[in-house]
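No lab work stands behind these numbers, since they all come straight from the coordinates. Given the structure is predicted, the values throughout are model-derived calculations rather than measurements. Using ideal geometry, Cβ is built from the backbone for each residue, glycine included, and neighbour counts are taken over all protein chains shown.
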Amino acid sequence: MKRAFALSAVCTLLAACGGGGGSGSSSSYQSVDDYDYINLNSENATEMVSSALEASTDIEIDETLDFDEANTRGASLLALAQSLATEYTDNALVQPRASSVKENCSGGGSMSASKTGSQETIQSGDTISISFNNCVEGGTVTNGGFDVRVDSFEDENIDISANFKQFSLTEDSFTSTLNGDLSMAMASIDQQSTFTLTVNQLNMSSTEAGKFVLADLRIQQVENDSAQSSTLSIAYELGSDYLDGRVKVETPQILSFSEFNSNPDTGVLRVVGAGNSSVTLDADTGNIATALLTVFDGSSTTSDEVNWSSIGDVSDF
């Protein structure tokens with residue numbers, strides 16, 4: 001599974017999922033605690049698992065990040081946050097130039113960037129601030145901004161943290177606003193690479209989809225080149241207007257992938273709702289294309305073998 005959260009990978013710009021807010025002081029914005037857990041049952045099991053996965057992966061991404069051709073419906077909340085943090089950490093606007101720059105946008109408005117620390121390269125300890133003032137590019141209007149702190153930037157070891165502050169994109173009549181924090185760390189030793197993504201709280205509010213919040217997120221992927229395999233562990237809570245509630249997503253058994261398979265060979269993915277109701281996907285069916293879907297509605301349990309394709313592509317994490 002050669003993909004997922006490589007820091008050099010940049011995605012299309014925005015999600016059609018909603019979310020409420022949560023920059024440095026997330027108490028100003030809606031939290032997962034403002035949503036009630038959803039009762040999971042055999043009727044909503046597949047939909048809830050699919051929605052939970054889609055809201056947190058880069059499903060349907062087919063372009064690279066490009067402000068001039070911004071696609072505000074192409075990626076998830078996490079994909080957007082990662083893209084912005086990595087694109088502007090590595091952007092020429094904030095590399096070997098003045099510590100503060102301001103540039104006019106092609107359709108009006110402006111973009112400003114400032115950097116503390118090294119002015120020649122990106123180094124550990126640098127901070128980068130990006131802000132937009134009615135910046136119009138390719139029909140998309142951008143406002144607000146975000147800060148990026150570079151905790152480590154040495155060889156194969158990278159650790160950066162981003163804080164989004166009322167960052168908004170408007171295309172036609174569709175507006176999404178992003179607030180909250182995101183940290184990414186990548187380390188490589190010999191033939192093993194580890195990527196860890198953590199979030200305290202990320203919020204987005206969307207004209208079309210309402211509010212959306214991710215909390216207490218930790219996703220870790222380990223790739224072993226010599227064994228041609230990788231593992232993936234997932235934990236987060238998700239609340240949204242689209243789901244009309246809240247669920248918890250976790251991997252009680254780490255998902256394991258062989259080199260050329262996008263579906264896991266082994267491992268367990270579970271979505272938990274109200275009253276300990278849950279939907280569990282066990283990859284170890286003997287068929288790489290399927291998983292055993294077990295639904296506990298709080299009182300009874302049902303199981304059925306389903307195709308991963310009907311649920312979502314877990315490898316898109």
Could you work out how much longer the chain between S99 and T301 gets when fully extended? Use 0.36 nm per residue separation minus the Cα distance between them, nm to one decimal. 66.7 nm
By the Kirkwood definition, with r running over pairs of different Cα atoms, segment 118-196 has a hydrodynamic radius in Å of 14.4 Å
Taking neighbour Cβ counts within 10 Å as the exposure measure, how do S42, S100, S233 sort from fewest upward? S100, S42, S233
Per-peptide average of other Cβ atoms within 10 Å, ordering 275-281, 132-138, 180-186 highest first: 180-186, 275-281, 132-138
Starting with the highest mean, order 31-39, 195-203 by the number of other Cβ atoms within 10 Å, averaged over the residues of each peptide. 195-203, 31-39
Phi angles of segment 260-265, converted by Karplus (6.51 cos²θ - 1.76 cosθ + 1.60, θ = phi - 60°) into ³J(HN,Hα) in whole Hz with x for Gly and Pro, give 10, 10, 7, 9, x, 6
Between N134 and S114, what is the spin-label point distance in nm, taking each point 7 Å from the Cα along the Cα→C-beta axis? 2.2 nm
